[in-house]
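Okay, so here's the structure we're looking at.
Values quoted throughout were computed directly from the atomic coordinates according to the rules given, and no laboratory measurement underlies them. What you are looking at is a predicted structure, and each value in this text was computed from that prediction instead of being measured. FYI the Cβ positions are ideal-geometry reconstructions off the backbone, even for glycines, and counts take in every protein chain you see.
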Amino acid sequence: MKVKAIILAGGEGTRLATLTAKRAKPAVPFAGKYRIIDFTLSNCVNSGIFDVLMLTQYRPHSLNDHIALGRPWDLDRSFTGGIHTLQPYKGRFDTDWYAGTADAVTQNLNFVRQGRPEQVVILSGDHIYQMDYDLFVNYHRQKNADLTIATIQVPLDEAPRFGVCLTDEDMRVTDFVEKSQNPPSTLASMGVYVFNYDVLEKVLLEDRDDPNSEHDFGKNIIPKMIKNDMRVFGYAYGGYWIDVGTIDSYWEAHMDLLETPPSLNLNDRTWIIHTKSEERPPVRIANGAIIRDSMITDGSTICEGAVVERSILSPGVFIGPGAVVRDSIVLTDAYVEAGAVVERAILDKLVVVGKGARVGSIPEMGELGICCVGKNTNIPPGYTVGHSVILGTDLSPSYFDSFPDKVIPPGTHIGYKKGK
């Protein structure tokens, strides 16, 4: 039976602050050498699904450049299958930005229909996990389901962030509530679905003609299918899964990689996470440098006397003499100069932390207090940037002249408006 995958990769990701100021959420770097989208794409090919549609919308350029023809994932196929990237367009009949997740698929039904798939797996492009979709699809077939929803148990205090399912003893979904402040269950939807194609087309076309619909799978499609007594089932997923939709969850997901054993095993050669890699020289670690519980990617340089603890460094990162990087994520070609201290911070690409500057700290109240510095921002020497600070992109040293005491207080937002 033929299976097609649709990856919804158009997320703006405003809660990731400056990390998504210039890129779509699925294109955000992760775990040193990867992008978030790599995990969903690799799950597809590792599960034997080589017919993939990727629907983009917000700032797709870096994502398109990363995916290109799909060669790292063996998706550069000319005749059958392969990866095809689609985005909203103005054509013969006016279309607009996707109104919701269901609308995104509806607008591209002609492409979904090609190849006559029997099942369609609908995926989010902004989750970190390893999942065999072949087992998922087989479960769907065994249940003779119209729709199967991948589910995971979450803590009660986190359940309001998700759509949650109520199921009977056979895992048939009897109710579905999207992001309720009083969730009736802790069985959360992962935003991973498998539909029979004929069912998918039917419910999407009906939804398209409903003027009261928000055209969203969680808010409209799934509840309506349950109400109409269609066969909707839950699939219990027991592995590691995280929606890296906030600065805190993005940071926590990286720290999970540094646990012993790690929550997500990137060294599993039976489930390789594929990515587009650039050529970089080997890592250079100078005499006297100290590295503990960290991941260091190609092209990085750790100078004499520098300390790197529980941190992840992307390609080309430079840590100067005597600098300290602790509990932090440092993205490609960032530069931490001599004597600087970076703690509980996320530094985007090409960030420069000047000599003796201090970025981030541990807050007293037990919050994570992660500091996030936007791409290509240059923090002058000697400055102190408090915990929970968000700095925008492309900030030059002169931008900081309004802080004559060289202290940026905790919680300050500069050059960036807080997203919802």
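Available extension along the chain between D405 and I272 is 43.0 nm, counting 0.36 nm per residue and deducting the alpha carbon span.
Here the gap between N144 and F111, fully extended at 0.36 nm per residue and compared with their Cα-Cα distance, gives a gain of 9.4 nm. Extension gain, D298-D134: 0.36 nm per intervening residue step, less the Cα-Cα distance, totals 55.7 nm. In terms of packing, defined here as the mean over residues of other Cβ atoms within 10 angstrom, the peptides 305-314, 281-290 line up highest first as 305-314, 281-290.
Within a straight-line Cα-Cα reach of under 17 Å, K4 can be paired with the following aspartates and glutamates, leaving aside sequence neighbours fewer than 8 residues apart in one chain: D51, D74, D76, E118, D132, D134, D146, D198, E201.
Per-residue 3J(HN,Hα) values for the stretch 254-262, derived from phi via the Karplus relation 6.51 cos²θ - 1.76 cosθ + 1.60 with θ = phi - 60°, read 5, 5, 4, 5, 9, 5, 10, x, x Hz in sequence order (x marks Gly and Pro).
At 222 nm, what value in deg cm²/dmol follows for the chain if DSSP H runs of at least 4 each add -39500 (n - 2.57) and the sum is divided by all its residues, to the nearest 500?
Mean residue ellipticity at 222 nm (helix-derived): -4500 deg cm²/dmol.
Could I have the simple spin-label model distance between E214 and Y416, label points 7 Å from Cα toward Cβ, reported in nm to one decimal? About 2.6 nm separates the two model spin labels. A simple spin-label model places pseudo-atoms 7 Å from Cα toward Cβ; at K2 and E279 they are separated by 4.0 nm. Taking amide H as placed 1.01 Å from N in the peptide plane, T85 has its amide H under 5 Å from the amide H of M54, each at least 5 places away in sequence or on another chain. For the stretch 165-177, the Karplus equation 6.51 cos²θ - 1.76 cosθ + 1.60, evaluated at θ = phi - 60°, returns couplings of 10, 9, 10, 8, 5, 9, 6, 6, 7, 9, 7, 9, 10 Hz by residue, with Gly and Pro reported as x. Rg then Dmax, both in Å and based on the Cα atoms of the chain: 22.6, 68. Near R326, the amide H atoms lying under 5 Å from its own belong to E309, V342, E343, R344; only residues 5 or more places off or on other chains count, and H is placed 1.01 Å from N.
The peptide list 26-33, 173-180, 159-166, put in order of mean Cβ contacts within 10 Å with the highest first, becomes 26-33, 159-166, 173-180. In this calculation the C-beta distance from D229 to Q181 is compared with R0 = 25 Å, giving a FRET efficiency of 0.35.
Relative to the longest principal axis of the Cα atoms of the chain, the long axis of helix 37-46 lies at roughly 50 degrees. So which of K33/K349; K179/K202; K202/K224 end up more than 20 Å apart by C-alpha? Beyond 20 Å: K179/K202. Put simply, when 236-246, 337-347 are sorted by average Cβ atoms within 10 angstrom per residue, most first, you get 337-347, 236-246.
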